[in-house]
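Have a look at the structure below before the remarks.
Nothing in this text is a laboratory measurement; each read-out follows from the coordinates by a stated rule. Nothing here was measured: the structure is a model prediction, and the numbers come from that model. Heads up, the Cβs are rebuilt from the backbone with ideal geometry, glycines too, and the neighbour counts pull from every protein chain shown.
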């Protein structure tokens, strides 16, 4: 759901008109997602293929979360996002895609049942956080790191109510956590308690069990 390109171009002619574009995306997101059940946002690489074992793992995590009563929110693109939307659709729960308009971005994947289109990353990030009861962060690139950092900082500064931030696959995330402990905690830039906002898990069953302990459906 969203405004057509001609209207967006008209509203972009002056900076003051951009406020209406931003407001429009916010209102559309609130209207579409406000009626959804409790959801979990799943992030990960857009470059993963079905041949990647982590693609299948992402599908299983989303399906099991769906069977536990959670809707699934992704960025709506390919890779791990597609796998998560597939799992949500298989479970018969809302399969939500928050798609960002970029010059080389792929189309929304076929497993999305509710789509919202965005031009502004800030508004898209707002929707990811506002309507998620938990984050599951699969292996990915800089976009995945960006989404993880956003949630971490909001929780760290208590701008949002704490919710689970799960890093999936210790072989991928443990080296980064070791660096954070060595450099950021070691230099006093963050604390051990703050780093504990993130939880490292390695099986779909652990993910579902952990979220169900923290979030009541």
Residue 90-residue 107 pseudo-label distance in nm [points 7 Å out on the Cα-to-Cβ vector] = 2.4 nm
Sum -39500 (n - 2.57) across every DSSP H segment of at least 4 residues in the chain, then divide by the residue count to get the 222 nm mean residue ellipticity, nearest 500.
-> -14500 deg cm²/dmol
Take the alpha carbon atoms of the range 50-108, find their center, do the same for the range 144-217, and report the distance between the two centers in whole angstrom.
-> 21 Å
Name the residue, out of 70, 30, 20, whose mean-square fluctuation peaks in a Gaussian network model built on the chain with Cα pairs under 10 Å.
-> 20
Quote to one decimal, in nm, the extra length available between residue 181 and residue 120 on full extension: 0.36 nm per residue of separation minus the C-alpha distance between them.
-> 18.7 nm
According to the square roots a ≥ b ≥ c of the eigenvalues of the Cα gyration tensor, what is the shape class of the range 168-217, taking rounded for a/c under 1.5, prolate for a/b larger than b/c otherwise, and oblate for the remainder?
-> oblate
Under 1.5 on a/c is rounded, so check that first for the range 12-129, then, if it is not, pick prolate when a/b is larger than b/c and oblate when it is not; a ≥ b ≥ c are the square roots of the alpha carbon gyration tensor eigenvalues.
-> oblate
Using a Gaussian network model of the chain whose springs link C-alpha atoms within less than 10 Å, name the residue from 139, 37, 50 with the highest mean-square fluctuation.
-> 50
Relative packing of peptides 122-134, 162-174 - highest average C-beta neighbours within 10 Å first | 122-134, 162-174
Based on other C-beta atoms within 10 Å, arrange 137, 153, 40 from fewest to most.
-> 153, 137, 40
Angle in degrees between helix 121-130 and the longest Cα principal axis of the chain, rounded to the nearest 10 = 60 degrees
Would you please classify the overall shape of the range 80-148 from the alpha carbon gyration tensor, given that a ≥ b ≥ c denote the square roots of the eigenvalues, rounded means a/c under 1.5, and beyond that prolate means a/b larger than b/c while oblate covers the rest?
-> rounded
May I ask you to derive the relative contact order of the chain, considering only C-alpha pairs under 8 Å and at least 6 residues apart, and to give it as an integer percent?
-> 19 percent
For 194, 147, what ranking results if the residue with the fewest other Cβ atoms within 10 Å of its Cβ goes first?
-> 194, 147
